Ligand code: SF4
């Protein structure tokens, strides 16, 4: 995709969602970190449902340790992998107290050393908490980047590096949110809603999905990211991530 097309793509998404932000609920940097850890392989809505009560009283690492692993599990048992996540949240809370004075470090490497915090989580926290120009690649960002041709790649590391390379100012800070929300609400995994897409004329995905009722659409599996360092399986079809305003 040419630089002018990339800029136009971001401009269109920005015009549609001028102030994109995470849909996870949080009250401070610490609860943001916990929410992002809990959101792995879970929906933001599901996480918000579980943390609404939790974050009213537990909003610091010390309070989390006081709650304890079993107490935390009672709050988050509706979230997938809650046993492992509870263990990680308790461990990362302890690490924050012992190594960072109880504060969330504004340092990606330090974040990635925390239990349960991977590359994507650290990137999200750096972006949402500290305004860093990071490009967290989740399933939505991966899909949109590949379908559109914006930043095609076989795995999340490749896509992240390409997004970093092609994304121009002034969209670098909000790119992550723009792409996630576009993937979540328009460029959906099973059937992308091309007929109402503001970047349809720029996007390379073919064939475009027609409006409902005008033609049968056979859902095709969306490409998912391969683990970093491994190639994704070849595509099985012939082709080949702020909430959009109404
Ligand atoms: S045109 Fe279709 S495939 Fe391309 S970004 Fe829009 S919804 Fe996704």
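If a/c stays under 1.5 just call it rounded; otherwise compare a/b with b/c (prolate if a/b is bigger, oblate if not). Do that for the chain, with a ≥ b ≥ c from the square roots of the Cα gyration tensor eigenvalues.
Numbers: a/c = 2.02, a/b = 1.80, b/c = 1.12.
It is prolate, given that a/c is not under 1.5 and a/b is the larger ratio.
Using just the helices of the chain, give the 222 nm mean residue ellipticity in deg cm²/dmol: DSSP H runs with n ≥ 4 each add -39,500 (n - 2.57), and the total is spread over all residues, rounded to 500. Could the numbers behind the result be given before it?
Values: 10 runs with 122 residues, N = 246.
Value at 222 nm, helices only, nearest 500: -15500 deg cm²/dmol.
Which of 10, 185 comes first, and how do the rest follow, when ranked by fewest Cβ neighbours within 10 Å? Can you show the working numbers first?
Values: 10 22, 185 14.
Fewest to most other Cβ atoms nearby, the residues stand as 185, 10.
Let a ≥ b ≥ c be the square roots of the eigenvalues of the Cα gyration tensor of the range 70-160; is it rounded (a/c under 1.5), or, if not, prolate (a/b larger than b/c) or oblate? It would help to have the intermediate numbers written out before the result.
Numbers: a/c = 2.90, a/b = 1.55, b/c = 1.87.
The shape class here is oblate.
Based on alpha-carbon centroids, what's the gap between the range 67-133 and the range 1-52 in Å, whole number please?
17
Estimate the FRET efficiency between residue 69 and residue 130 by the formula 1/(1 + (r/R0)^6), using the beta-carbon distance for r and 45 Å for R0, to the nearest 0.05.
Values: r = 28 Å, r/R0 = 0.63.
Taking R0 as 45 Å, the efficiency between residue 69 and residue 130 is 0.95.
Could you tell me which of rounded, prolate or oblate describes the range 29-130, using a ≥ b ≥ c as the square roots of the eigenvalues of the alpha-carbon gyration tensor, with rounded for a/c under 1.5 and, failing that, prolate when a/b is larger than b/c and oblate otherwise?
Working: a/c = 1.61, a/b = 1.23, b/c = 1.32.
Since a/c reaches 1.5 but b/c is at least a/b, the shape of the range 29-130 is classed as oblate.
Please report, in cubic angstrom per residue, the volume enclosed by the convex hull of the alpha-carbon atoms of the range 56-98.
Hull volume over Cα atoms, normalised by residue count, gives 60 Å³.
Bear in mind that the values in this text are calculations on the coordinates, not laboratory data. It should be emphasised that the depicted structure is a prediction, and the values quoted were computed from it without experimental measurement. For neighbour counting, all protein chains shown are included, and Cβ atoms are generated from backbone atoms with ideal geometry for every residue, glycine included.
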